[in-house]
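What follows is calculated from the coordinates using simple rules that are stated; it is not laboratory data. Owing to the predicted nature of the structure, the values given are computational and were not obtained by experimental measurement. Cβ placement follows ideal geometry from the backbone for every residue including glycine, while neighbour counts extend to all protein chains displayed.
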Amino acid sequence: MTKTFANPGTSDSMNLIIQGTHPIATAHLDHLGKLSQSKQRVQIADHAFRLTEALPHPGIASYCMANRLDHGFVPRERTLANFGLVVMDMDSTLITIECIDEIADMQGLKPQVATITEAAMRGEIDFAESLRRRVSLLEGLDEHALQRVYDERLRLSPGAEILLDAMKSRGIKTLLVSGGFVFFTERLKARLGLDYTRANTLEIANGKLTGKVLGKVFDAQGKADCLVQTRDGLNLGPGQVIAIGDGANDLKMMAQAGVSIAYHAKPVVREQAGYALNFVGLDGVVNLLADS
């Protein structure tokens with residue numbers, strides 16, 4: 001049976017969500033309340049508050065950044081109840097590492113690979129080309145290195161399980177898309193109960209990485225196309241999708257979502273996303289769109 005959802009509201013009534021990694025000083029909340037002319041302050045989590053009926057002010061963003069606070073103006077009616085799909089990047093978003101950089105470290109090549117990764121994340125190098133260049137450096141590596149990275153180095157980002165539990169409890173589907181590798185996305189799918197995943201497949205022969213990716217590289221356009229296909233298959237509209245990413249390779253998919261969230265992201269992504277979480281964990285998504 002198809003589940004239907006209401007579209008997010010477009011009322012002029014806005015909530016200003018303020019979040020931090022530690023208890024937020026009353027002085028900070030008082031100052032932000034004055035700047036935004038908020039009518040009421042409500043605590044929604046240990047380190048998160050909702051300032052109701054808030055108005056934009058040019059000093060809010062700089063004040064929050066200086067005090068390591070995340071903020072976002074959210075229409076009052078825009079809550080998790082409005083959404084049916086959340087789409088996430090994997091490396092440096094759902095998890096704390098860049099898997100390919102850690103694989104390269106097994107070859108003593110992490111600096112070389114990480115330099116290419118960073119350039120691609122900033123949008124300075126075409127992603128598909130950057131991936132081929134990085135994977136080529138892994139030629140000859142024993143395939144067991146992939147399991148070592150998963151076991152020894154892969155860690156979920158703070159708040160990831162809170163975010164996923166909130167999605168599941170509301171019947172919101174989860175899609176993990178990655179320019180990384182199926183080896184990791186499939187293990188995370190089984191471990192976390194994700195609904196869908198898409199990524200690249202490393203070619204392996206005789207127990208060794210060949211330095212090649214099988215088939216067409218799953219890149220920025222692939223992520224966007226996968227979001228649209230999954231969204232349409234669930235009979236959802238763009239306004240019912242949340243997309244979360246950190247690098248330039250995520251921008252096309254984020255443009256296809258009603259709510260786009262830059263998570264500890266590169267400047268190019270923060271500038272184009274609807275919201276940015278620079279300090280708090282992924283549970284900040286739940287606070288941002290918390291029920292009123």
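Here are some notes:
- Those lysines that a straight Cα-Cα span of less than 26 Å connects to LYS208, excepting residues fewer than 8 apart in one chain: LYS110, LYS189, LYS216
- Once the mean of 1/r is taken over each pair of separate Cα atoms and inverted, region 120-267 shows a Kirkwood hydrodynamic radius of 16.5 Å.
- D by Stokes-Einstein for region 54-209, Kirkwood Rh over Cα pairs, 4 °C, 1.567 mPa s: 73 µm²/s.
- Were the residues from ALA119 through VAL228 laid out at 0.36 nm apart, the gain over their Cα-Cα distance would be 36.6 nm.
- Across region 177-218, counting alpha-carbon atoms alone, Rg and Dmax equal 11.3, 32 Å.
- The chain: relative contact order in percent, alpha carbon pairs under 8 Å with at least 6 residues between: 23 percent
- Footprinting exposure proxy ranking of ILE17, ILE204, fewest other C-beta atoms within 10 angstrom first, gives ILE204, ILE17.
- Percentage, to the nearest whole number, of Cα pairs in region 1-146 over 21 Å apart: 62 percent
- Hypothetical label at GLU143: residues of region 97-134 whose amide nitrogen lies under 14 Å (7 Å Cα-Cβ projection): none
- Relative to its residue count, the chain spans a Cα convex hull of 128 Å³ per residue.
- Geometric extent, Cα atoms of region 99-153 - Rg, Dmax (angstrom): 11.1, 32
- Only alpha carbons enter this Debye calculation for region 193-292, each as an equal point scatterer, and the log10 of I(q)/I(0) it gives at q = 0.12, 0.14, 0.21 Å⁻¹ is -0.49, -0.64, -1.11.
- For region 175-250, convex hull of alpha carbons as volume per residue, Å³: 113 Å³
- Note on ALA25 and ALA255: the model spin-label points, each 7 Å out from Cα along the C-beta direction, lie 4.1 nm apart.
- Set of aspartates and glutamates near LYS34 by C-alpha distance (under 20 Å), chain-local residues within fewer than 8 positions excluded: ASP12, GLU53, ASP70
- Unit charges at the beta carbon, dipole of the chain: most positive-side option, LEU156, ALA81, GLY258: ALA81
- Dipole magnitude of region 173-245, debye to nearest 20 (Cβ charges: Lys/Arg +1, Asp/Glu -1, about Cα centre): 200 debye
- In plain terms, the residue of VAL285, VAL87, VAL74, VAL268 with the fewest other Cβ atoms within 10 Å comes first and the most crowded comes last, giving VAL268, VAL74, VAL285, VAL87.
- Counting 0.36 nm for each residue step from SER62 to ALA205 and taking away their Cα separation leaves a gain of 46.2 nm.
- Since only VAL241, VAL213, LEU194 are under comparison, the one whose Cα sits farthest along the positive direction of the charge dipole of the chain, derived from C-beta charges on Lys, Arg, Asp and Glu, is VAL241.
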